[in-house]
Amino acid sequence: MSFTIISQAGCRYCRKAVVHLQTTERTAKVYDIDDYPWLKTLMGQAGHNTVPQIFSPNGEYIGGFDELVERKYIR
């Protein structure tokens, strides 16, 4: 199972989140909001307007890059 990251092209924190997960031997499925515009609608309905939006493999909402790092996902 992999993490889910809602991202946008050019977002450095989105890229940092992917790299962080790779360094902890985790994988991520990345969805760019420019390729999936309906994600902007869902994010807005959930009260989020920034990227990245990160979810754990079990679907738990983590938050952004800082929250991902704070959780210290360790194998």
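Per-residue ellipticity at 222 nm, computed for the chain from helices alone with -39500 (n - 2.57) per DSSP H run of at least four residues, works out to -10000 deg cm²/dmol. Taking amide H as placed 1.01 Å from N in the peptide plane, the amide H of Phe3 sits under 5 Å from that of Thr27, Ala28, Lys29, each at least 5 places away or on another chain.
Couplings 3J(HN,Hα) for the stretch 38-43, derived from phi with the Karplus relation 6.51 cos²θ - 1.76 cosθ + 1.60 (θ = phi - 60°), are 5, 5, 4, 5, 4, 4 Hz, where x marks Gly and Pro.
FYI, it's all coordinate maths here, none of it is from the lab. Given the structure is predicted, the values throughout are model-derived calculations rather than measurements.
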